[in-house]
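Report on the structure given below.
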Amino acid sequence: MSQIYDLILHNISLASFHFESKDDEINNPYGIVDNPVICIKDGLIAGIFNADDPLIDKLETENSIDGQGQWVTPGLIDCHTHLVYGGNRANEFEMRLNGKSYEEIAKAGGGIVSTVKATREASKDELFKLAAKRLSYLMDEGVTSLEIKSGYGLDLKTEQKMLEVAEELNQFSGIEISKTFLGAHAVPIEYKDRADEYIKLVCETMMPELHKLGLIDCVDAFCEGIGFTIQQTKRVFEKAKELGLPIKLHSEQLSDLGGSKLACEFNAWSVDHLEYLNCDDIKHLKTSGTVATLLPGAYYFLSETKLPPIQALRDHDIPVAIATDSNPGSSPCLSILLMLNMATTLFKLTPSEALKGITINAAKALGIDNTVGSITKGKQADLVFWDIESPAELSYQIGGNPCKRVIKKGKVIINKNQ
Ligand code: DI6
Ligand code: FE
């Protein structure tokens with residue numbers, strides 16, 4: 001107790017999302033810690049004490065925060081975004097409302113390919129400014145870690161440009177950004193009807209080059225009728241494995257091609273979307289410890305009616321993450337709190353399941369659960385203060401933003417209490 005802490009937080013309610021065991025998680029699904037005092041040192045949580053502990057008076061610090069009874073949760077984690085892109089697709093949104101389907105628009109040269117054109121044309125500076133603005137909305141709601149995918153370049157130069165913008169955001173935003181290479185997002189126009197040749201470019205040129213530049217934390221693909229086949233996806237995963245890179249997959253979003261099963265064979269960190277996931281394939285997620293990432297924004301925005309197999313995921317005790325899928329085509333969403341609400345209203349997750357989906361389970365989906373995602377001794381001090389009376393309010397309320405203070409690695413980066 002003799003050490004001097006950098007920061008002490010008191011007079012707070014704490015939903016830690018730290019669980020000692022499965023029973024603990026069942027009995028205390030928010031990981032609530034009574035009467036806590038959190039001590040922070042060198043950007044880490046150095047200890048959590050009980051405010052009634054007589055030793056508390058002896059704690060030394062240069063800085064303390066009286067939380068005024070506000071709730072504290074782990075920093076939120078958005079584990080699936082496409083935040084870096086040029087232009088927007090409000091025109092296609094309008095076309096859809098005039099009767100065209102998402103697939104029809106994609107086949108007619110719209111969709112992902114139209115964002116590719118805008119992203120190729122945008123300078124790195126423009127892309128940075130656009131993405132930084134989008135990121136600021138997410139951070140304002142307490143996001144302290146986030147994933148960004150490439151996939152709107154579809155050539156080496158533009159994929160590199162996107163991942164470099166993600167890396168610059170990582171350095172300048174104060175939060176951690178995990179960079180995912182999604183070269184196999186769509187077939188670019190210059191490879192029309194030559195998807196296999198494009199996959200060769202992805203595997204033999206783009207992935208190794210970008211990996212050499214240190215720009216890839218994880219490799220993703222879009223396994224779908226309007227994306228890539230199982231065989232093509234497998235080639236991408238084999239190359240990732242050869243390079244020692246972890247994988248994840250957009251799978252079973254619009255149809256059941258068996259992508260999740262394949263991804264689990266490669267020990268995917270996560271499989272994402274899953275509306276059309278076959279219940280028989282859930283056992284594979286269990287075996288490989290893969291997270292099921294659900295994206296209620298895309299489900300909502302595409303007016304999908306087929307629900308992911310939520311009860312079956314629950315029955316198999318699969319960790320479920322929730323993310324914005326922020327992208328210009330299927331989820332133009334910049335609110336993680338709205339996703340929390342939709343995860344409960346549309347997918348019927350309980351408020352604690354939904355919150356786990358943007359904290360501890362989202363951390364698992366990014367392979368960073370050793371350092372973030374819950375509040376416990378030794379983890380990074382990434383914390384959000386909320387002006388709410390119970391954690392369920394975060395998914396209950398629609399609109400408004402009760403985030404009052406954000407601490408990242410022990411430093412206050414947002415404070416709206418003054
Ligand atoms: N699935 C999606 O929902 C996004 N990408 C993907 O593979 C859509 C991307 C877009 O339409 O721009
Ligand atoms: Fe996506």
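Bear in mind that the values in this text are calculations on the coordinates, not laboratory data. Keep in mind it's a predicted model, so treat the numbers as computed, not measured. Counting neighbours? That spans all protein chains shown, and the Cβs are built from the backbone with ideal geometry, glycine included.
Some values worked out for this structure:
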read-out: Residue pairs meeting the criteria (Cβ under 6 Å; at least 6 apart or on separate chains; first within 13 Å of ligand 1 (Cβ to nearest atom), in segment 263-277; second hydrophobic (A, V, I, L, M, F, W, C)); value: VAL271/LEU249; VAL271/ALA263; HIS273/LEU295; LEU274/ALA292
read-out: Leading residue by the ranking (nearest to ligand 1 (Cβ to nearest atom)) among those in segment 290-317 that are surrounded by 20 or more Cβ atoms within 10 Å (Cβ to Cβ) and among the aliphatic types (A, V, I, L, M); value: ALA298
read-out: Residues of segment 331-360 satisfying the condition of being among the small types (Gly, Ala, Ser) and surrounded by 24 or more Cβ atoms within 10 Å (Cβ to Cβ); value: ALA343, ALA354, GLY357
read-out: Restricting segment 135-159 to residues that are crowded, with 19+ Cβ neighbours inside 10 Å and in a helix (DSSP H, G or I), the residue that is farthest from ligand 1 (Cβ to nearest atom); value: MET139
read-out: Failed condition for LYS248, given (1) under 22 Å from the mean Cα position of the chain (by Cα); (2) surrounded by fewer than 23 Cβ atoms within 10 Å (Cβ to Cβ); (3) basic (Lys, Arg); value: (2)
read-out: Residue list for segment 132-162, filter: under 19 Å from ALA122 (Cβ atoms) and within 16 Å of ligand 2 (Cβ to nearest atom); value: ARG134, ILE148, LYS149, SER150, GLY151, TYR152, GLY153, LEU154, GLU159, MET162
read-out: Qualifying residue in segment 249-258 (condition: away from ligand 2 (no atom under 16 Å from the Cβ) and under 18 Å from ASN361 (Cβ atoms)); value: no
read-out: Candidate set: segment 253-289, residues that are surrounded by 20 or more Cβ atoms within 10 Å (Cβ to Cβ) and small (Gly, Ala, Ser); chosen: the one farthest from LYS306 (Cα to Cα); value: ALA268
read-out: One residue from ALA51, ALA90 being over 30 Å from GLY373 (Cα atoms) and among the hydrophobic types (A, V, I, L, M, F, W, C); value: ALA90
read-out: Search result, residues across segment 75-91 that are within 13 Å of ligand 1 (Cβ to nearest atom) and closer than 30 Å to ILE45 by Cβ; value: HIS80, THR81, LEU83
read-out: So LEU9, is it surrounded by fewer than 21 Cβ atoms within 10 Å (Cβ to Cβ) and either part of a helix (DSSP H, G or I) or in contact (Cβ under 8 Å) with a residue 60 or more places away in the chain (or both); value: no
read-out: Hits in segment 252-286 - residues which are of a type in the set (A, V, I, L, M) and on the phi > 0 side of the Ramachandran plot; value: LEU274
read-out: Any hit, segment 206-221, residues being charged (D, E, K, R), more than 30 Å from ILE407 (Cα to Cα) and in a loop (DSSP other than H, G, I, E, B); value: no
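Table: residues versus (1) more than 16 Å from ligand 2 (Cβ to nearest atom); (2) touching a Gly at 6+ places or on another chain (Cβ under 9 Å); (3) under 19 Å from ASP78 (Cα atoms).
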| residue | (1), (2), (3) |
| --- | --- |
| LYS283 | yes, no, no |
| TYR299 | no, no, yes |
| GLU304 | no, no, no |
| ILE310 | yes, no, no |
| ALA323 | no, yes, yes |
| LEU334 | no, no, yes |
